[in-house]
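One structure below.
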């Protein structure tokens, strides 16, 4: 099973997501569509990455940030989208808006420098 790698890049991503969640939260996330299971959402996200077709994606939770995030096959955090459990059979995929992504990238660069 792939787990989130403890790398400077992943640490910067987690810190940036925490700041976005605490300061502006929901306005940077746009709901796109729903699925009836977490695994189906992960499969959809997996198709938007450079993971191999043989990778069975896994989800992680980040304390202080709403939703689940996918771990890429190489252990990096896929933070462009998150999955929100709405009820027992409904999971919403939300994507970072362009302004959210710009803020996120800026924060990551600050943490890595």
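The values are calculated or read from the model by the stated rules, or taken from the named source; none is laboratory data. Keep in mind it's a predicted model, so treat the numbers as computed, not measured. Here the Cβ is made from the backbone with ideal geometry for all residues, glycine too, and neighbour counts use every protein chain on show.
General observations
- Of the criteria (1) modelled with pLDDT under 95; (2) within 14 Å of residue 96 (Cα to Cα); (3) crowded, with 16+ Cβ neighbours inside 10 Å, which one residue 4 fails: (2)
- Residue count, segment 1-21 (criterion: touching a strand residue (DSSP E or B) at 6+ places or on another chain (Cβ under 9 Å) and not in a loop (DSSP other than H, G, I, E, B)): 7
- For segment 80-91, taking the residues that are within 15 Å of the chain's Cα centre (by Cα) and farther than 19 Å from residue 20 by Cα, the one that is surrounded by the most Cβ atoms within 10 Å (Cβ to Cβ) is identified as 91.
- Of all residues in segment 22-43, those being part of a helix (DSSP H, G or I), at pLDDT 90 or above and surrounded by 17 or more Cβ atoms within 10 Å (Cβ to Cβ) number 2.
- Among the residues of segment 56-83, those that are part of a loop (DSSP other than H, G, I, E, B) and over 18 Å from residue 11 (Cβ atoms) comprise 56, 57, 66, 67, 73.
- Pairs where the first residue, in segment 87-113, is within 24 Å of residue 43 (Cα to Cα) and the second is modelled with pLDDT of 90 or more and in a loop (DSSP other than H, G, I, E, B), C-beta under 8 Å, 6+ apart: 89/36; 89/37; 90/36; 91/36; 91/37; 94/67
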